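Student: For reference, the structure I am asking about is given below.
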Amino acid sequence: MNKHWFYFFCWSLISFHQLAHSRQMEDGFHFQLPLKPKIWQENTPNTIEEILQKNREGLFLNLPDVGIAQKGKSYWFKLDFSDYLDLLAASDSIYIYPGNLDVSQLFFQSDGKVDSLNITRLIPNDLRRATLHSLEYVKVDSRDFFDGHFLLIRAEFHRASPDLDVRTIRFSDSRSHGVFSKFISESSFKSQVLAFFFLGIAAVLMIFNLILFFNMREKQYIYYGAFLLFQLIYYSQISPYLATSFGYNTLYFYFWLTTVSQLLINLSYLLFIRHFLEFPRLMPGFDRIVLGIAGLLILLVLVNSGLIFLKPYSLLQAYLMDFQRYFMAAFAFFGVGYLFFYYPNRLKYFVISATLIFTTGALMTMFLLDLDYMVGGSSIESIIFALGLSYKIKVISQEKRKVENEAFQTKLGALRAQINPHFIFNSLSSIQHLISSGQKEAALSYLSKFSKFVRQVLENSIDVHVTLDKEIELLKVYLDLESLRFDHAFSYKIETPAHFDLSFFEVPMLIVQPFVENAIKHGLMAKLEGERKLTVRFVEEPNHIRCEIEDNGIGRKAAAALKKADYRPSRGMALTEERLRLINREKKETQIQIDDLPVGTRITIKFPKP
């Protein structure tokens with residue numbers, strides 16, 4: 001619903017502007033009419049009286065083209081209203097919109113004497129400003145024109161270098177200005193929509209980067225947030241609302257802020273790229289160059305701040321700003337080429353594409369004097385870097401999971417390495433018992449099976465996991481060893497489901513054996529009479545392989561009552577439970593379940609499927 005209202009609001013503004021434009025043409029309104037001034041470049045200073053005299057002598061007739069404005073030079077603009085004499089006669093005053101003329105003064109005559117209005121923006125001046133867009137103007141009484149039809153402006157350019165051959169000065173009569181200055185123009189509306197579009201992108205990304213910084217403590221997010229903020233400050237010139245938020249009412253401060261923000265945009269961008277691409281680790285030589293340029297930009301911030309404080313329209317300050325623009329543009333293209341050929345991973349493509357788009361927009365703004373190009377380039381660049389940061393977070397997450405998995409496998413191997421000596425010790429103890437009791441044939445049979453068991457363990461020692469058929473084969477050898485050790489005092493069987501491919505699934509090696517050992521030792525062998533049975537059952541489930549170890553022994557309560565005071569918990573059981581905890585570290589459900597049966601005990605173990 002809110003989105004529909006926004007669309008309706010935008011449509012209404014555009015439609016109203018078109019309606020207003022039609023009304024202007026139909027009802028005789030004259031708002032912001034273009035006037036082509038006659039421009040003369042002076043080489044030596046002239047007073048207004050001298051210029052008026054030269055005008056009478058034909059100074060402004062047949063003037064050559066002046067081309068691009070030269071910084072520090074003075075230019076005289078003659079605004080000739082000879083074609084609008086009827087308009088001057090019908091209106092009590094004319095509103096002049098001088099635009100950005102840097103250091104400039106508007107001359108007219110009042111009561112027969114030469115008078116002037118200061119239209120230099122950064123010192124106390126006579127400019128007024130419209131409410132809805134960046135429209136600055138001065139009001140001149142229609143009776144105060146020189147010879148009844150022209151005005152003069154003396155201007156110097158220190159920051160901008162416009163093409164004066166295409167420069168126009170706009171004006172309105174008092175009636176038209178009173179009506180239309182209250183409305184936003186089509187061009188200003190488009191620029192402000194673009195500015196607020198960037199504001200939306202920048203606000204979301206700044207909050208996003210701030211959250212990432214507090215969670216990950218990486219400087220790249222702070223630097224990119226600063227980059228967005230300084231862009232927003234610089235682009236606030238487009239919109240009166242944004243400009244007022246950043247101190248436009250204190251114009252001297254606002255001029256300093258928007259000037260140094262250009263330098264801070266480049267500085268924060270460099271530092272962001274440095275951390276984003278990890279120059280200190282991957283390209284230490286190039287990193288030193290980046291740090292050197294960052295130091296130069298900090299120096300320029302300090303020098304420019306001092307110059308603005310001493311003299312706002314200092315030529316040196318203007319030349320320094322032009323130097324950093326050309327230098328940073330050249331370095332951007334050099335850096336793009338260098339990264340393309342020498343940077344080792346894919347993150348470079350985000351930086352290369354974003355830098356080319358941003359730099360192109362900045363250069364178009366510098367040469368065409370339209371900030372919309374830079375704002376548009378920054379908007380696209382911000383989207384690209386948002387994707388780049390997302391991609392980097394994804395890569396870091398994948399690398400982290402890989403390292404964690406390697407550490408996990410190492411720990412599993414270490415735990416299994418602790419289990420293997422446990423089995424070997426128990427088996428050698430059994431062989432020793434058989435030999436010492438004179439059971440030579442049983443000892444030889446046991447030794448044969450034991451050697452087979454050790455060989456299988458060694459063959460699979462490289463892998464942390466083994467296929468289920470190999471695990472069952474090892475389990476059978478172990479059960480044969482225990483059966484021989486206890487003189488076939490118990491029977492066992494291993495059940496697997498029909499049509500179940502045992503070689504397809506993997507389980508940690510020797511993961512079931514400690515539970516089988518515990519069932520034999522504490523459940524079956526403590527049973528004094530009756531048949532002793534052990535069943536190991538494997539069942540396939542949708543997400544798990546379930547192993548059930550069931551015995552008909554004396555049960556847990558009776559076994560606990562028989563334990564001696566110096567009883568030590570099974571080391572093999574503890575290690576196996578730790579291995580299962582690691583395997584199922586991301587699972588919340590219990591993976592080991594022990595149930596007391598009417599006769600005996602059942603242990604259920606679940607292994608996650610790969």
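The values are calculated or read from the model by the stated rules, or taken from the named source; none is laboratory data. Fair warning: this is a prediction, and the values are worked out from it, not measured in the lab. Cβ placement follows ideal geometry from the backbone for every residue including glycine, while neighbour counts extend to all protein chains displayed. Heavy atoms of the whole protein, side chains included, go into the accessibility calculation; ligands, DNA and RNA do not. Shrake-Rupley method; radii C 1.70, N 1.55, O 1.52, S 1.80 Å.
Student: Cross-link candidates for K452: which aspartates and glutamates have Cα within less than 15 Å, leaving aside residues fewer than 8 places away along the same chain?
Tutor: Cα-Cα hits under 15 Å: E471, E473, D480, E482.
Student: Where does the charge balance sit around R56 when Lys and Arg score +1, Asp and Glu -1, over other residues with C-beta under 13 Å from its C-beta?
Tutor: Combined, the nearby Lys, Arg, Asp and Glu give -2.
Student: Report the far tail of the P(r) of region 345-400, meaning the percent of Cα-Cα pairs longer than 20 Å.
Tutor: Tail of the P(r) past 20 Å holds 34 percent of the pairs.
Student: Using a 1.4 angstrom probe on the protein heavy atoms only, could you order F486, F309 from most to least accessible area?
Tutor: Ranked from most to least accessible, the order is F309, F486.
Student: When the solvent-accessible surface of protein heavy atoms is calculated with a 1.4 angstrom probe, in what order do W40, W76 fall, highest first?
Tutor: Sorted by accessible area, descending: W40, W76.
Student: Using amide H atoms built in the peptide plane, which far-off residues or other-chain residues are under 5 Å from S91 H to H?
Tutor: For S91, no residues qualify.
Student: Could you compute how fast region 433-557 diffuses translationally, taking Rh as the Kirkwood radius over C-alpha pairs and applying Stokes-Einstein at 10 °C with viscosity 1.306 mPa s? Give it in µm² per second.
Tutor: Working: Rh = 15.8 Å.
For the chosen part, D equals 101 µm²/s.
Student: Can you pull the three principal axis extents for the Cα set of region 49-159, in Å, largest first?
Tutor: That works out to 36, 34, 24 Å along the principal axes.
Student: Under the Karplus relation 6.51 cos²θ - 1.76 cosθ + 1.60, θ = phi - 60°, what is the ordered set of whole-Hz ³J(HN,Hα) values for region 228-238, x standing for Gly and Pro?
Tutor: Going residue by residue, I get 5, 5, 5, 4, 4, 4, 5, 7, 4, 4, 6 Hz, with x marking Gly and Pro.
Student: May I ask you to compute the full-extension gain from V166 to Y241, defined as 0.36 nm times their residue separation minus their alpha-carbon distance, rounded to one decimal in nm?
Tutor: Numbers: separation 75, 0.36 × 75 = 27.00 nm, distance 2.97 nm.
That works out to 24.0 nm of additional length.
Student: Per q in 0.12, 0.19, 0.21 Å⁻¹, report the Debye log10 I(q)/I(0) for region 247-352, using one uniform scatterer on each alpha carbon and no solvent.
Tutor: Results for region 247-352 at q = 0.12, 0.19, 0.21 Å⁻¹ read -0.48, -0.93, -1.05.
Student: Calculate, in whole percent, how much of the Cα-Cα pair population of region 296-361 lies beyond 16 Å. Mind showing how you got there, number by number?
Tutor: Numbers: 1210 of 2145 pairs.
Every Cα pair in region 296-361 considered, those over 16 Å come to 56 percent.
Student: Within region 95-117, whose backbone N sits under 18 Å from a point 7 Å along Cα→Cβ of R56?
Tutor: From region 95-117, the list is 108-115.
Student: Keeping all protein chains in position, work out how much accessible area L300 exposes to a 1.4 Å probe, and write it in Å² to the nearest 10.
Tutor: Accessible area, nearest 10 Å²: 10 Å².
Student: What figure, in Å² to the nearest 10, do you get for the accessible area of H149 with a 1.4 Å probe and non-protein molecules left out?
Tutor: In the full protein context, H149 sits at about 40 Å².
Student: Okay, moving on. Roughly how many Å is it from the Cα centre of region 123-176 to that of region 327-406, as a whole number?
Tutor: Spelled out, the Cα-based centre of one part sits 41 Å from the other.
Student: What's the percent breakdown of Cα-Cα distances in region 111-179 across 5 Å bins, shortest bin first?
Tutor: 3, 10, 20, 24, 23, 15, 5, 0
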